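Notes follow once the structure below has been shown.
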Amino acid sequence: MKKFDLSLAKKALATSALMLLPAALLSGCGSSSDGANGQVIVYNWGEYIDPDAIEMFEEETGIKVIYDEYETNEIMYPKVESGAASYDVVCPSDYMISKMISGDLLAEINFDNIPNAKANIDAQYFEQSKGFDPENKYSVPYCWGTVGILYNKTMVEEPITSWAQLWDEKYADNILMQDSVRDAFMVAEKLNGFSMNTLDPDELEITKNSLIEQKPLVQAYVIDQVRDKMIGGEAAMGVIYSGEAIYTQRENPDLVYVIPDEGTNVWIDSWVILKNAPNKENAEKFIDFMCRPDIALMNFDYITYSTPNKAARELIEDEEIRNSEIAFPDLSQYSNLETFTYLGEEGDTLYNELWKEVKSN
């Protein structure tokens, strides 16, 4: 998930409305005593669902939701893999879904039991999901976004359209890069015409050298700070996630977000059901409920990240948001779009070693 902190009000609401059961207590939970129709055990990112949606699901179905949160895919995975907690539904990111499929951790989804998915999720997001779930057997898109360049139109001399402009010396000390190995390498890989999932040694060496060449021009490698710096006019341009770009533009109308011509990353967080899920039928009901247009709209309003639910989008009252090319770009109009895939332990190690060389050079 690529998301920024929500307001304190939303944080307080989430804390009060969702009573999180420690994961250690979930192991071995039964499915008959907590609700009229059993329970479903959900493991999701922090503040990544409207608490009212949880309450509505419980009221409408009689199924008790036991809800636990994680901060990163890397924290989630070992808990799921070890079986220390008996979760039903999880919401990993694209590359982690690929890893979970490889590890035989996921159950194939019976889409006959989740009719709202096929009816309401735009087909382009299922098509994009094939990058990590080749046959669309294991995942249902929940939230998505792109990675692009946010620039201040009062601080640049021309429209920004290419990753190459992040290497332009006239913007020295006015460029912000993501402090993330895969995101940083993606930028340089696309610049050089490579796949962002490449493991080719020669391509990776060229990519590393491109980032080293760019480094003297970079004001800072940042994550969340990119939005604050761009809002405050502290940099001319920076690499940013689309959901954050929407927020920054509300705060500073001089900011413009673009998907570069060379292509970019389309990230997708999706619902999956674990192979050892103790409440598989209720898990299917939960995912189907989350794919209902009114519920998907609630979650979009709450977390502000783009929904793949085309029926929910039609319900958005604010025309500017409903037709936003940032929130809802037509992916068919862009080339070289990819999702991250799991590179294997050796691949991850290789990227991390190359990133260390970039940062220490």
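Read-outs throughout are calculated quantities, based only on the coordinates presented, and are distinct from any laboratory measurement. The structure presented is a predicted model; accordingly, all values stated were derived computationally and were not measured. Ideal geometry is used to build each Cβ from the backbone, glycine not excepted, and the neighbour counts take in all protein chains shown.
Amide H contacts for residue 328 (H built 1.01 Å from N in the peptide plane; partners 5 or more residues away or on another chain; cut-off under 5 Å): none found. Over the stretch 293-358, one equal point on each Cα, no solvent: what is log10 I(q)/I(0) by the Debye formula at q = 0.24 Å⁻¹? Relative scattering, expressed as log10 I(q)/I(0), comes to -0.98. Placing dummy labels 7 Å off each Cα toward the beta-carbon, the span from residue 192 to residue 137 is 3.5 nm. With both residues required to sit in the chain, DSSP beta bridges show an antiparallel share near 55%. Using a simple spin-label model with pseudo-atoms 7 Å out from Cα toward Cβ, residue 314 and residue 71 lie 4.1 nm apart. List the residues whose amide H sits under 5 Å from the amide H of residue 70, counting only those 5 or more places along or on another chain, with H placed 1.01 Å from N in the peptide plane. Counting only residues 5 or more places away or on other chains, the set is 44, 45, 46. Take the Cα of residue 215, step 7 Å toward its Cβ, do the same at residue 127, and the gap between the two points is 4.0 nm.
As a calculated quantity, the FRET efficiency between residue 261 and residue 60 at R0 = 51 Å, using C-beta atoms, amounts to about 0.65.
Applying 0.36 nm per residue to the separation of residue 325 and residue 82 and subtracting their alpha-carbon distance, the gain on full extension is 83.4 nm.
Summed over qualifying helices (DSSP H, 4 residues or more, each -39500 (n - 2.57)) and divided by its residue number, the chain shows a 222 nm mean residue ellipticity of -11500 deg cm²/dmol.
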